[in-house]
Amino acid sequence: MKRKVAIDQAGRLVIPKDIRSRYGFGPGYHLEMEDTGTEIVLRPAHLGEPIIRHLENGFPMIEWPGETQKETYDIVAEVRKSRDERDGKFGL
């Protein structure tokens, strides 16, 4: 999908609301900017791999190191993986 956005006098541009909502961008969210020589690419800044730990009740808790921010992540796959690991410990 291509869109045109305007840059204001301060050098800022506005990412359309539907795109911000789709990717979970909000105030304080960090993006990486890459200048390829022919285009400028924006992508979510990766702050590290998620850490999965289990609470005392066996439920998984997913934490991201560094700042808290939303990013596209397959939470269902991680929960299934975590359950399989937990079940393996108990021989289920």
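A short reminder: the numbers here are calculations on the coordinates, not readings from a lab. Keep in mind that this is a model prediction, so the values were computed, not measured. Methodologically, a virtual Cβ is constructed for each residue, glycine included, from the backbone with ideal geometry; neighbour enumeration extends over all protein chains shown.
Positive contributions from Lys and Arg (+1) and negative ones from Asp and Glu (-1), summed over other residues with Cβ under 13 Å from the Cβ of GLU85, come out at +3. Other residues within the sphere of radius under 12 Å centred on the Cβ of PHE59, judged by their own Cβ, net out at +2 (K and R +1, D and E -1).
Approximating the spin labels as points 7 Å out from Cα along Cα→Cβ, the LYS2-to-ARG22 distance works out to 1.6 nm. As a proxy for reagent exposure, SER21, SER82 were ordered by neighbouring Cβ count within 10 angstrom, fewest first; the result is SER21, SER82.
Sorted ascending by nearby beta carbons within 10 Å, beginning with the fewest, LYS17, LYS81 become LYS17, LYS81.
On the beta carbon distance between ILE40 and VAL14, with R0 = 25 Å, the FRET formula returns roughly 0.95. For the range 7-47, the square roots of the Cα gyration tensor eigenvalues, ordered a ≥ b ≥ c, give a/c of at least 1.5 with a/b no greater than b/c, which places it in the oblate category. Sorted fewest first by neighbouring Cβ atoms within 10 angstrom, PHE90, PHE25 come out as PHE90, PHE25.
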